[in-house]
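Visitor: First the structure, which I've put down as structure tokens, then a few questions once you've had a look.
The values are calculated or read from the model by the stated rules, or taken from the named source; none is laboratory data. Because the structure is predicted, anything quoted here is derived from the model rather than measured. Note that each Cβ is placed from the backbone with ideal geometry, even for glycine, and that neighbours are counted across all protein chains shown.
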Amino acid sequence: MPDPLQMFIPLRKADAASRLIYGYATAELPDKSGEICDYASTKPFYERWSADCAKASGGKSLGNLRAMHGKIAAGKISSIAFNDDAKRIEIAAKIIDDDEWRKIEEGVYTGFSQGGAYVKRWPDPDQPEFTRYTASPTEISLVDLPCLPEAGFELVKADGVSERRAFIEPVAKAEAASDAAASALRDWLAGNVTSDCEAAETIADFFDALEHDLNADPIHDTPLSSLLARLKAQCVAALQPRAAQKSGSLEARLEKLAAQGEAARKVAADLAPRLAELAERVSALEAAPAAPVLMPGFAPVSKSGEASLEDLAAELARLSPEQASLVLIKAAQTQPKRFG
């Protein structure tokens with residue numbers, strides 16, 4: 001799958017009366033990423049993309065225009081020209097969406113960005129520090145931070161008055177402000193990040209917010225201390241819910257463990273008397289004498305249960321001789337006795 005491509009190009013002009021904005025879709029110039037779009041190899045892909053859009057719209061649009069590479073259809077490309085001499089693709093875009101046009105007038109959007117994929121990339125033969133590439137576009141977007149260095153455009157108001165709007169400070173000033181902000185924020189974070197929070201994540205989020213603010217709002221004269229105070233407040237607000245969430249989670253776990261411990265104590269209390277009773281029964285069984293070990297072929301005889309010879313003779317006398325003989329034979333077979 002081709003790598004995604006997003007290259008930022010500054011606006012050149014905006015016409016409030018017709019809601020047309022002018023600029024380049026791409027140009028063969030180095031950008032801040034150290035890349036150069038190769039005009040000759042990219043041109044056929046732009047021609048194909050524009051022709052497909054014109055066919056799909058019945059000639060009403062020469063390209064799809066979105067906002068911040070998102071799902072909002074801000075307008076359409078109304079004209080496209082391939083300037084072979086300057087090696088750039090010049091476009092005019094008509095803004096249909098009211099909210100998106102207000103963002104242009106207020107200076108929120110400062111340029112175009114081509115969205116698509118890299119077809120191929122290779123080192124620039126004349127400038128090895130740069131990488132050339134062939135682009136295959138899928139859309140053009142309005143964006144708030146152009147990548148090429150010539151940021152700024154001419155705004156022609158509805159009454160015909162033109163004014164030049166610049167959006168990027170001198171590089172040295174911006175870098176100095178960024179370095180000062182980074183130093184101040186590092187000092188503040190060192191004393192304010194608590195053990196309940198993920199310090200690395202917090203610092204990363206914090207500096208992302210700082211970079212966004214410096215890039216999005218570089219022309220305002222707000223003192224750096226005011227910017228830092230605002231970012232500190234945002235960081236504190238972000239930290240507090242995390243700490244509370246972790247604390248609440250810990251309390252819930254402790255409550256669960258306490259409930260489990262109480263249930264275990266109740267089970268132990270119910271088992272205690274049963275174990276005591278079982279122990280008494282085992283002790284009684286251990287104290288009872290064991291039955292004698294019998295040799296094979298022998299049966300136990302209880303002397304206390306035996307009748308006397310006189311009693312036996314009396315019983316036999318009441319029987320007939322035949323009955324008495326049978327009784328004696330059966331008794332001898334079931335209760336054998338050996339005499340030494």
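Visitor: Just a yes or no: is a residue in segment 39-49 within 36 Å of the chain's Cα centre (by Cα) and crowded, with 18+ Cβ neighbours inside 10 Å?
Guide: Yes, some residue in segment 39-49 is within 36 Å of the chain's Cα centre (by Cα) and crowded, with 18+ Cβ neighbours inside 10 Å.
Visitor: Among residues belonging to segment 78-104 that are of a type in the set (D, E) and within 20 Å of A27 (Cα to Cα), point out the one that is surrounded by the most Cβ atoms within 10 Å (Cβ to Cβ).
Guide: Here the residue is E90.
Visitor: Just checking, which of G59, G107 is within 19 Å of P137 (Cα to Cα) and either of a type outside the set (S, T, Y) or not in a loop (DSSP other than H, G, I, E, B) (or both)?
Guide: Exactly one residue qualifies, and that residue is G59.
Visitor: Using the structure shown, decide if G75 is crowded, with 20+ Cβ neighbours inside 10 Å, touching a Phe, Trp or Tyr at 6+ places or on another chain (Cβ under 7 Å) and at pLDDT 90 or above.
Guide: no
Visitor: If you scan segment 28-71, which residues turn out to be at pLDDT 90 or above, hydrophobic (A, V, I, L, M, F, W, C) and closer than 25 Å to D144 by Cβ?
Guide: Within segment 28-71, I36, C37, W49, C53, L62, L65, A67 qualify.
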